[in-house]
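Asker: One structure, pasted below without further comment.
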Amino acid sequence: MDNCPAGRILRGMTDMREILIVGGGLNGPSLALALAQGGHSVTLIDALPAPLREEAGFDGRSYALALASTRLLQQIGVWSRIADRAQPMNEIKVSDGTAGRGPSPLFLHFEESDLDEGPMGYMVEDRYLRRALLEAMAVEPRITQISGQRVVAQSVGADAVTVTLEDGAQLSGALLVGADGRQSGTGERAGIKRTGWDYGQTALVCAISHDLPHDGIAHQFFMPPGPLAILPLPGNRSSIVWSEPHAEAARIQALGDEDYLTVLRPRFGSFLGEIALEGKRFSYPLKLSLANAYYTERLALVGDAAHGLHPIAGQGLNAGLRDIASLAEVLTDAARRGEDISSPLVLARYQQWRRFDTTSLALATDVFNKLFSNDNPILRATRDLGLGLTNALPGLRRGFVREAAGLSGDLPKLLRGRPL
C-alpha cells in the first residue's frame, strides 16, 4: 500500500528518452556526451552562435581538472583530443603571506608521490577543451545541437516538458536540464530559489609568460585581501586567479597592461623570473550561489546552475563534472530498469547523491576564504601552524590530496574511469 502509483515512475510505450539541455558552455556539452553514451537522445541548446563557440584563439582562460574529471572526459571521448595539450600538476604548494614579503615558512606541500594514480590534476586551456567537446558532439549521432537561440519560455505537461526558442520554435522532451550558469533562466522559470551572498571580492584572471620553468608546480598563496593562484600551463606560462576587494579590483582592472603587471609583481614574486601578460584579462565578482533544489518537475540543474562556488579550491568545473557523472548514471540506470527518467523519485536520487557534497564544499571554501582573507595576527599564527602540522602528517596530507584529485567519496562510474 505504501508503493507510489506505477505511473509516477514507470514509463509508458512512448520513447521519452529525449533530453533537452540548455547551456553550451562546458557542463552542457559534457552532459550531452555522457547521456549519449548511456543511450539517450539529447538536444543541446546554446544561446551563442556556432562561430563564437568554435573560436580557437587563446584568451587566457584555463581550467584545473582533477584526476577524476579527466577520467570522465576520457570516457566521453574528449580527453584523447586534448591530452597532449594538458599540463600535469605534479605538485601543489599552499602558503600564507603578504605581498612583497613572501610566503610564511610554514606551508602545505602536496606531491605526485602522495597519490598512487598519477598527477593530482591537469591544467587545460579553455580553447582546447571547448573545441574538443564540439568535435566529440559532432560525431555523436544521438546529439542534436541548436546554436544562436535563447530559450524564452518553458512549460511542463503530463507527458513532456516543452521549451520555446526566441524564433518561436518549440522542442519537447522527457526531461529538461539547466546547465546555463549561476543566473540560470531554466531554474528561475521553474521557480527554483537560490541562497547565497557576496564575498566582497572580485577575481582577476589572466595568463602570464615567465622566464623560468614552473616544473608543473601549482601555487596557492593566501594574502589578506584574498588568495592568489598560480597554475602551470604548457611551456613557461601560468594561469593567474587573483582576488581583491571589489573597489581595488576595479581599479586594477582599469589599468593598462604595464601598470597591471606592476601591481601583480610584488604579489607574484620573482621565483619564476620576469613575467609578461599573455592573452586577455578578465574579472568577475565572487559570490556564493546555491540552488535551493537541484530538481523539480521534469527538470534538473547541473554545474553553476546548481551551485556557484568560490574559486579558492579550483573546484567549480570539477564539481559540475561530478554532477554530470551522477545525473547521467542515475538517468541511465533508471531507463534500463524501465522507469520514467523524469520521475521525481528518479531525480531525487540525483539530488541526494550530489547536494550534500556540493553544500559541504561550498561551506568549506567559504570558511577557508574567511579564515585566510584577513591580516589578524592570531588567525595568521593559527592557520600557519595548521598548514605546517598538516604537512608533517603524511596520512592527513594524502587525504587532502585524494580530495583535491576528486577521488574521495561515493564516485559515479564515469569518475572511476568506467563506462555507464
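Asker: Using amide H atoms built in the peptide plane, which far-off residues or other-chain residues are under 5 Å from Leu233 H to H?
Answerer: Those lying under 5 Å, H to H, from Leu233 are Ser238, Ser239.
Asker: Based on the mean of other beta carbon atoms within 10 Å per residue, what is the order of 322-330, 242-250, most packed first? If you can, show how the numbers build up before the last one.
Answerer: On the way: 322-330: 27.6, 242-250: 18.1.
Ranked from most to least packed, the peptides come out as 322-330, 242-250.
Asker: Which residue, chosen from His246, Pro141, Thr365, occupies the Cα position most advanced towards the positive end of the dipole of region 19-416, where the dipole is computed from +1 (Lys, Arg) and -1 (Asp, Glu) charges on Cβ about the Cα centre?
Answerer: Of His246, Pro141, Thr365, it is Thr365.
Asker: Explain nothing, just compute: Karplus ³J(HN,Hα) = 6.51 cos²θ - 1.76 cosθ + 1.60, θ = phi - 60°, for every residue of region 275-286 in order, whole Hz, x for Gly and Pro.
Answerer: 10, 8, 6, 10, x, 8, 10, 10, 8, 7, x, 9
Asker: Distance from a point 7 Å along Cα→Cβ of Lys370 to each backbone N in region 177-210: keep the residues under 12 Å and list them by number.
Answerer: Taking a point 7 Å out along Cα→Cβ of Lys370, the residues of region 177-210 whose backbone N falls under 12 Å are 197-199.
Asker: Compute the Cα gyration tensor for region 114-200, then decide on rounded, prolate or oblate, letting a ≥ b ≥ c be the square roots of its eigenvalues: rounded whenever a/c is under 1.5, prolate when a/b is larger than b/c in the other cases, and oblate in all that remain. Before the final figure, lay out the partial values.
Answerer: On the way: a/c = 2.19, a/b = 1.41, b/c = 1.56.
Since a/c reaches 1.5 but b/c is at least a/b, the shape of region 114-200 is classed as oblate.
Asker: In whole Hz, what ³J(HN,Hα) sequence does region 196-206 give by Karplus (6.51, -1.76, 1.60; θ = phi - 60°), x for Gly and Pro?
Answerer: So the Karplus estimates, Gly and Pro as x, are x, 7, 7, 7, x, 10, 10, 8, 9, 10, 7 Hz.
Asker: In terms of solvent-accessible area of protein heavy atoms at a 1.4 angstrom probe, what is the ranking of Lys93, Lys413, highest value first? Mind dumping the intermediate values first?
Answerer: Working: Lys93 65, Lys413 45 Å².
If we order Lys93, Lys413 from most to least accessible, we get Lys93, Lys413.
Asker: Multiply the residue separation of Arg265 and Lys287 by 0.36 nm, subtract the distance between their alpha-carbon atoms, and state the gained length in nm to one decimal.
Answerer: Full-extension gain reported as 5.3 nm.
Asker: Just going by the charge dipole of region 125-234, with Lys and Arg at +1 and Asp and Glu at -1 on Cβ, which of Gly187, Ala218, Ile208 is farthest out on the positive end?
Answerer: Gly187
Asker: So which aspartates and glutamates can Lys370 reach, going by Cα to Cα under 16 Å and dropping same-chain residues fewer than 8 places off?
Answerer: Reachable aspartates and glutamates: Asp96, Asp198, Glu244, Asp384.
Asker: Enter the per residue convex hull volume of region 19-416, computed from alpha-carbon coordinates, in Å³ rounded to the nearest integer. Kindly include the intermediate steps, with their values, before the conclusion.
Answerer: Numbers: hull volume 54.4 nm³, N = 398.
Spelled out: Cα convex hull of region 19-416, divided by residues, is 137 Å³.
Asker: Let me ask something else. Considering only DSSP beta bridges whose two residues both sit in region 19-416, what percent are antiparallel, to the nearest 5? Let's see the in-between values first.
Answerer: Values: 62 of 84 bridges.
Around 75 percent antiparallel, to the nearest 5.
Asker: Which whole-number value in Å² is the accessible area per residue of region 69-209, probe 1.4 Å?
Answerer: Details: 6200 Å² over 141 residues.
Per-residue value: 44 Å².
Asker: Given a 1.4 angstrom probe, I'd like the percentage of the accessible area of region 19-416 that is carbon and sulfur, rounded to a whole number.
Answerer: On the way: 8510 of 15790 Å².
Of the solvent-accessible surface of region 19-416, carbon and sulfur hold 54 percent.
Asker: Then there's this: If the reach is capped at under 17 angstrom between alpha carbons, list the aspartates and glutamates near Lys193, excluding any in the same chain fewer than eight residues apart.
Answerer: Result set, ordered by chain and number: Asp180, Glu297, Asp304.
Asker: Give me the number: length gained by fully extending Val139 to Ala276, i.e. 0.36 nm times residue separation minus the C-alpha to C-alpha distance, one decimal in nm. Could you put the intermediate results ahead of the total?
Answerer: Values: separation 137, 0.36 × 137 = 49.32 nm, distance 3.90 nm.
45.4 nm is the gain from fully extending Val139 to Ala276.
Asker: By how many nm would the segment from Arg337 to Asp116 lengthen if fully extended, with 0.36 nm per residue of separation less the alpha-carbon distance? Each step should come with its number before you reach the end.
Answerer: Working: separation 221, 0.36 × 221 = 79.56 nm, distance 3.62 nm.
Contour length minus the Cα-Cα distance gives 75.9 nm.
Asker: With +1 on each Lys and Arg Cβ and -1 on each Asp and Glu Cβ, how big is the dipole of region 140-269 about its Cα centre, in debye rounded to the nearest 20? Intermediate values should be presented prior to the final figure.
Answerer: Details: 10 positive and 14 negative charges, 63 e Å.
Around 300 debye, computed over region 140-269.
The values are calculated or read from the model by the stated rules, or taken from the named source; none is laboratory data. Predicted model only: the values in this text are computed from it and were never measured. Every residue, glycine as well, gets a Cβ built from its backbone with ideal geometry; the counts of neighbours run over all protein chains shown. Accessible surface areas use protein heavy atoms only, side chains included; no ligands, DNA or RNA. Shrake-Rupley method; radii C 1.70, N 1.55, O 1.52, S 1.80 Å.
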